[in-house]
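The values are calculated or read from the model by the stated rules, or taken from the named source; none is laboratory data. Remember, it's a predicted structure, so these values are computed and weren't measured experimentally. Cβ coordinates were reconstructed from backbone atoms using ideal geometry, including for glycine residues, and neighbour counts include every protein chain displayed. Just so you know, the surface numbers come from the protein's heavy atoms only, side chains and all, with ligands and any DNA or RNA stripped out. Shrake-Rupley method; radii C 1.70, N 1.55, O 1.52, S 1.80 Å.
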Amino acid sequence: MKNRKQIWYIISSIFFAGVLFIYATTTNYQNNSNARQTTSETYTNTLPSVPIDIKYDSEKYFISGFSSEVSVVLTGSNRVTLASEMQESTRKFKVVADLTKATEGTREVPLAIKNLPSGLTATVTPAKITVKVGKKASKTVEVKTTISSAQLADGLMVDRVTVGDNKVTVTSDEDTLAKVDHVEAVVPTSEKISANYSGNAPLQAVDANGTVLPSVITPYETTIKITVKSSSSSSSSTSSSK
């Protein structure tokens, strides 16, 4: 009888030891699985307007014809690092186009991500940009102003226009510079002129047809004063003179 009890205790011990072993193994597996799932979780964010840092010889060349911003998709498991890179003020990475060895002509340049923090991956769209590289040149150009009749209140016409800068310096590539006819002082289209007007006007270089040309203008804006008069009074004076 005593032997039977000892055998029963042994069998019971082995059984409970097995149950404990299976429980411990199962718990450990679940914990490891949860850890793997947490570790492998990734986050993705898109930055739609990241400026391109273009490296080129700005003393010798003038570049144009390209988009200055691209879209960047960032992916990573560290939400803190990802959030930091999403903010321009704390961002470490930059998109770079290397034109330091480029010569004159239209060039296709691959874009590269520099200084990207460890643990993040980045995809740039587009992956390349096309850039026109030309020999840099400058010249002095006359400033003109055109006031659209749509900007004038009914019954008014322009009597006189005065700009703060009659001539400015235009810088571009040699081919483009040769096409510049004049510089236009542009009154913002949002402005409705109902009386004498005074303000600042941005400047843009245009060809003989009024097409805006890529350039850098110094200064980039000027002051403009517009004196208006009644169109009816002008018509009356014309009639009386006859």
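Worth a mention:
- Residue count for segment 126-140, restricted to those that are out of contact with any helix residue (DSSP H, G or I) (no Cβ under 9 Å at 6 or more places or on another chain) and in contact (Cβ under 8 Å) with a residue 60 or more places away in the chain: 4
- Scanning segment 59-86 for residues that are touching a residue at least 40 places away in the same chain (Cβ under 8 Å), open to solvent by 40 Å² or more (accessible area, probe 1.4 Å), under 22 Å from the mean Cα position of the chain (by Cα) and closer than 30 Å to V216 by Cα yields G65, F66, S67.
- Within segment 199-210, the residues that satisfy the criterion of being open to solvent by 70 Å² or more (accessible area, probe 1.4 Å) and either under 16 Å from E142 (Cα atoms) or assigned to a loop (DSSP other than H, G, I, E, B) (or both) are A208, N209.
- In this entry, K94 is excluded by the filter for residues that are closer than 15 Å to V133 by Cβ, among the basic types (K, R) and either at pLDDT 95 or above or out of contact with any Leu (no Cβ under 9 Å at 6 or more places or on another chain) (or both).
- Filter result for D165 (surrounded by 15 or more Cβ atoms within 10 Å (Cβ to Cβ), within 28 Å of the chain's Cα centre (by Cα), in the same structural domain as L213 (by the TED database) and over 11 Å from A205 (Cβ atoms)): no
- For segment 142-162, the set of residues classified as crowded, with 17+ Cβ neighbours inside 10 Å and in a loop (DSSP other than H, G, I, E, B) consists of I147 only.
- Selection status of A97, in the same structural domain as P51 (by the TED database), open to solvent by less than 70 Å² (accessible area, probe 1.4 Å), assigned to a strand (DSSP E or B) and more than 27 Å from S77 (Cα to Cα): yes
- Every condition in (1) of a type in the set (A, V, I, L, M, F, W, C); (2) without any contact (Cβ under 8 Å) to a residue 60 or more places away in the chain; (3) open to solvent by less than 60 Å² (accessible area, probe 1.4 Å) is met by I224 except one, and the failing one is (2).
- Residues in segment 168-198 that are of a type outside the set (S, T, N, Q), open to solvent by less than 60 Å² (accessible area, probe 1.4 Å) and closer than 30 Å to F62 by Cβ: V168, V170, D173, L177, V180, H182, V183, E184, A185, V186, V187, P188.
- Contact map, segment 147-159: residues that are more than 16 Å from G210 (Cβ to Cβ) and of a type outside the set (K, R) paired with residues that are in a helix (DSSP H, G or I) and open to solvent by 50 Å² or more (accessible area, probe 1.4 Å), Cβ distance under 7 Å, separation 6+ or inter-chain. Pairs shown: G155/S232.
- Looking only at segment 101-131, and only at residues there that are in contact with an Asp or Glu (Cβ under 7 Å, 6 or more places away or on another chain) and either in the same structural domain as A201 (by the TED database) or open to solvent by 40 Å² or more (accessible area, probe 1.4 Å) (or both), the one that is farthest from T44 (Cα to Cα): T130
- Remark: K139 matches the filter, which requires a residue to be modelled with pLDDT of 95 or more and open to solvent by less than 80 Å² (accessible area, probe 1.4 Å).
- Of all residues in segment 38-77, exactly one satisfies the criterion of being touching a helix residue (DSSP H, G or I) at 6+ places or on another chain (Cβ under 9 Å) and outside any strand (DSSP E or B), namely S77.
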